[in-house]
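Accompanying notes for the structure given below.
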Amino acid sequence: MKRVQLREHRKADAAPKASAGPVVVLIHGLNVPHLVMWPLRWRLRYRYRRRVEIFRYERFHHDVPQLAELLARRLAKQGIKEFDAITHSMGGIVLRWAMNHQPMPKLRRAIMIAPPNNGAWMAEYLSKKLGLFFRWIFGQGGLQMRPGKLGLAARAGLLDGAEVGIIAGGNGTAKGKRNWFGIPGDCDGTVAVEETILPGMKDFILLDYNHSHILFAAQTAMMANLFLEHGVFRPKLKKSH
């Protein structure tokens with residue numbers, strides 16, 4: 001088994017002097033390498049001067065509770081006492097499970113990008129269509145993204161005590177964006193907008209991107225940084241006189 005770790009950066013890759021605030025931990029989603037978080041990490045580090053770490057894990061073979069345990073272990077090893085988090089897709093469920101089932105440091109603010117917080121209709125649809133091939137392609141984590149009792153996304157627990165902002169993808173219509181499989185309602189082609197909702201969230205914003213592109217968009221990084229700074233996506237800034 002490959003070592004799961006938060007990416008350590010060489011001095012040559014050091015960002016400019018970091019702004020105030022806890023370290024920001026990036027948690028990627030299912031079936032993708034940690035490299036998908038690099039554009040977001042770059043913008044947060046160099047444009048917004050954030051201290052950023054990436055939680056790395058294998059693309060396959062881990063279920064959500066295992067990943068949550070590994071995340072807790074890695075944060076404890078690094079001596080992190082307080083942190084912010086930005087997650088994409090299943091990464092949000094890993095964070096929720098960790099915060100409710102593992103000894104974790106204090107979570108100040110969390111930005112969840114396209115999270116299947118209530119399970120994903122798409123996961124159930126494809127698991128029925130593909131049968132055993134679904135587990136071969138998406139692993140146990142994919143099965144756990146199904147809604148209801150079949151999965152665990154809807155029962156991973158809330159993020160009580162933290163300020164949570166949700167960034168969902170969609171186009172504001174009942175048809176949704178790149179909705180090739182017939183997901184009910186507005187969606188990003190993988191996760192429905194309604195599936196992203198988490199009770200107790202502080203703010204929500206809908207961006208016109210699909211499930212993958214939303215992670216790479218400069219607008220997403222800008223909104224994430226605003227929430228890290230102010231706890232909302234649309235802060236009421238003081239007018240200059």
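Read-outs: derived from the displayed coordinates by stated rules, not from any lab. Since this is a predicted model, take the numbers as computed values, not measurements. When we count neighbours, we look across all protein chains shown, and the Cβ atoms used for this are built from the backbone with ideal geometry, even at glycine.
Of note:
- Selection of the range 132-164 for residues being in contact with a Gly (Cβ under 8 Å, 6 or more places away or on another chain) and under 30 Å from Arg108 (Cβ atoms) yields Gln144, Met145, Pro147, Gly151, Ala153, Ala154, Leu158, Leu159, Asp160, Glu163, Val164.
- The range 118-171, subset of a type in the set (Asp, Glu) and surrounded by fewer than 20 Cβ atoms within 10 Å (Cβ to Cβ), residue nearest to Glu58 (Cα to Cα): Glu124
- No other residue among Gly176, Gly119 is closer than 19 Å to His88 by Cβ and in contact (Cβ under 8 Å) with a residue 24 or more places away in the chain apart from Gly119.
- Test: residue in the range 190-202 that is surrounded by fewer than 21 Cβ atoms within 10 Å (Cβ to Cβ) and not in a loop (DSSP other than H, G, I, E, B): yes
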